[in-house]
Amino acid sequence: MSSDRVQQAYSTMADVYLERLATMDVVHPDDRRVILRHLAGSDGPVLDLGCGPGHLTAFLHAAGCEVTGVDLVPEFIAHARRTHPQVPFVQGSLTGLDRPAGSVAGVLCWYSLIHQDPQELDGSLAEVRRVLAPGGAFVLGFFEGPVREEFDHRVTTAHRWPVDELSARLAVHGFTEVERLTRGQDGERRPHGVLAAAAG
Ligand SMILES: C[S@@+](CC[C@H](N)C(=O)[O-])C[C@H]1O[C@@H](n2cnc3c(N)ncnc32)[C@H](O)[C@@H]1O
């Protein structure tokens with residue numbers, strides 16, 4: 001799905017999203033730990049791509065990361081700057097980052113690639129790999145499922161992925177998986193996956 005459509009969909013729902021999801025309270029303790037384990041010790045800049053309201057960006061900043069949040073949606077960037085004035089946020093697309101190749105030590109994409117079909121995802125993974133230095137850490141949060149398929153998401157169409165299939169896709173782009181985590185349906189929360197990988 002085009003970035004324009006994703007931006008419009010989130011802009012339309014920004015108030016609801018900010019009210020319900022702009023907090024670390026919604027991030028499972030296991031997820032916090034895996035994010036910190038791979039990104040908190042990064043030796044250089046870290047990007048939170050598709051940072052939304054910026055709570056995870058602020059979480060990484062508080063853990064000592066030199067982190068910048070990037071998002072398409074002006075309402076989210078305005079909220080993030082207001083709420084976390086000590087943290088840098090940039091409005092832009094993760095599909096074309098204004099960063100030199102190999103200049104970034106870590107990247108978080110927390111549910112920000114969920115609206116991309118496989119071809120779009122390949123473009124984004126290539127861009128993440130381009131900006132990461134060799135050995136840089138990549139942490140990806142996503143909807144997990146037994147087969148790759150799209151489904152109706154509250155904001156706009158999203159995709160679920162089997163972990164093995166997504167890990168193989170990362171490998172094609174030069175990443176080596178270093179950790180995975182999955183959680184089944186949890187109340188209203190859909191099955192969830194996290195992959196942590198190192199850039200080759
Ligand atoms: C499900 S939200 C997750 C937001 C945040 N990471 C969180 O955990 O609350 C998906 C986010 O990805 C952002 N996003 C989607 N495609 C993007 C792109 N091409 N560039 C930058 N941000 C993007 C959306 O604007 C939205 O804020």
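Taking the conditions exactly as written (touching a strand residue (DSSP E or B) at 6+ places or on another chain (Cβ under 8 Å) and either part of a loop (DSSP other than H, G, I, E, B) or within 12 Å of the ligand (Cβ to nearest atom) (or both)), does Arg129 satisfy them or not? Criteria not met by Arg129. The requirement of being surrounded by 17 or more Cβ atoms within 10 Å (Cβ to Cβ) and either among the polar types (S, T, N, Q) or within 17 Å of Thr68 (Cα to Cα) (or both) is satisfied by Ser167. Filtered by the rule that a residue be in contact with a strand residue (DSSP E or B) (Cβ under 9 Å, 6 or more places away or on another chain) and either surrounded by fewer than 22 Cβ atoms within 10 Å (Cβ to Cβ) or within 21 Å of Ser3 (Cα to Cα) (or both), the stretch 59-75 gives His61, Glu66, Thr68, Gly69, Val70, Asp71, Leu72, Val73, Pro74. Kindly indicate whether Ala78 is away from the ligand (no atom under 12 Å from the Cβ), surrounded by fewer than 23 Cβ atoms within 10 Å (Cβ to Cβ) and under 17 Å from Gln8 (Cα atoms). Yes.
Taken together, the values in this text are just the output of simple stated rules run on the coordinates, not laboratory data. Keep in mind that what you see is a predicted model, and the values were worked out from it rather than measured. All Cβ positions, even for glycine, are placed from backbone atoms using ideal geometry, and neighbour counts span all protein chains on display.
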